[in-house]
């Protein structure tokens, strides 16, 4: 079994990343059409959804529409979205992964302090 960051199976990690960072991704992805191009090319989203994304005027609106497709497409589509995001905006993915690791570290530290006798 392939294991991703945080000891999760790779596919599960990708899905959780996409779900966990929804708000940040909607705000920070600057070229969502590149991701939509990838997903359309892989048959992960429909031409109709792609047209809606293409017609949207802002990056945030495009990402919200794309997330609707991710929600209905399930884990396969979310995993493909993560891979496309990593290819098209690796710095953003790295930044969010680092912040997530710090949150977990801080949470674990807080947990230890809280329950230390």
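The values are calculated or read from the model by the stated rules, or taken from the named source; none is laboratory data. Worth saying up front: this structure is predicted, and the values here are computed from it rather than measured. Using ideal geometry, Cβ is built from the backbone for each residue, glycine included, and neighbour counts are taken over all protein chains shown.
Could we say that residue 6 is within 18 Å of residue 97 (Cβ to Cβ) and either in contact with a strand residue (DSSP E or B) (Cβ under 7 Å, 6 or more places away or on another chain) or modelled with pLDDT of 95 or more (or both) here? It is false that residue 6 is within 18 Å of residue 97 (Cβ to Cβ) and either in contact with a strand residue (DSSP E or B) (Cβ under 7 Å, 6 or more places away or on another chain) or modelled with pLDDT of 95 or more (or both).
Residues are listed down the side, and each one gets a yes or a no for (1) modelled with pLDDT of 95 or more; (2) within 11 Å of the chain's Cα centre (by Cα):
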position: 11; (1), (2): no, no
position: 32; (1), (2): yes, no
position: 37; (1), (2): yes, no
position: 44; (1), (2): yes, no
position: 64; (1), (2): yes, no
position: 79; (1), (2): yes, yes
position: 104; (1), (2): no, no
position: 109; (1), (2): no, no
position: 116; (1), (2): no, no
